[in-house]
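**Student:** What follows is a single structure, and I will ask about it in a moment.
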Amino acid sequence: MRTVYVAEYPAIQHRHDNGDIVTVRLKRRAGGFRVTCQGCSTEFIYRKPAPSAISHFKSPILPPIKGNWDSGDDDH
Ligand SMILES: [Zn+2]
């Protein structure tokens, strides 16, 4: 069986040899999220994207703006 690591969640779209675009949904398992597609015998395992090398912190001198900050509250 093939194993593919994906950074998307929860729906994984992939193409079968016959051209079909198939969507499978990751399920919570011990050790993480994964799903096996019976159609192509591929196991998809969710792997959180590597964190950015650049830290994104709120600036103390700029007015607060809505943004995508690394505040640790976006764990999903
Ligand atoms: Zn498949």
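**Student:** Relative contact order for the range 2-46: what is it in percent, counting Cα pairs under 8 Å that are at least 6 residues apart? It would help to have the intermediate numbers written out before the result.
**Tutor:** Values: 75 pairs, mean separation 18.8, N = 45.
It comes to 42 percent, rounded to a whole number.
**Student:** Moving to a separate point now. Amide H of V4: which non-local residues (sequence gap of 5 or more, or other chain) have their own amide H closer than 5 Å, using H built in the peptide plane?
**Tutor:** Answer set, sorted by chain and number: E43, F44, I45.
**Student:** What are the ³J(HN,Hα) couplings of the range 9-23, residue after residue, when phi is run through the Karplus curve with 6.51, -1.76, 1.60 and θ = phi - 60°? Round to Hz, x for glycine and proline.
**Tutor:** 7, x, 9, 10, 9, 8, 10, 8, 4, 7, x, 5, 8, 10, 10
**Student:** Using +1 at the C-beta of Lys and Arg and -1 at the C-beta of Asp and Glu, which of G32, G19, V6 has the Cα lying farthest in the positive direction of the dipole of the range 2-46?
**Tutor:** G32
**Student:** When the chain is fully extended, how far beyond the present Cα-Cα distance does D17 get from S55, taking 0.36 nm per residue of separation?
**Tutor:** On the way: separation 38, 0.36 × 38 = 13.68 nm, distance 4.09 nm.
Gain in length upon complete extension: 9.6 nm.
**Student:** Right, another one. Given 0.36 nm per residue, what is the gain on full extension from S41 to R29 after removing their alpha carbon distance, in nm? Kindly include the intermediate steps, with their values, before the conclusion.
**Tutor:** On the way: separation 12, 0.36 × 12 = 4.32 nm, distance 1.78 nm.
So the chain would gain 2.5 nm between S41 and R29.
Every number in this text was worked out from the coordinates using simple rules, so none of it is lab data. Keep in mind it's a predicted model, so treat the numbers as computed, not measured. Every residue, glycine as well, gets a Cβ built from its backbone with ideal geometry; the counts of neighbours run over all protein chains shown.
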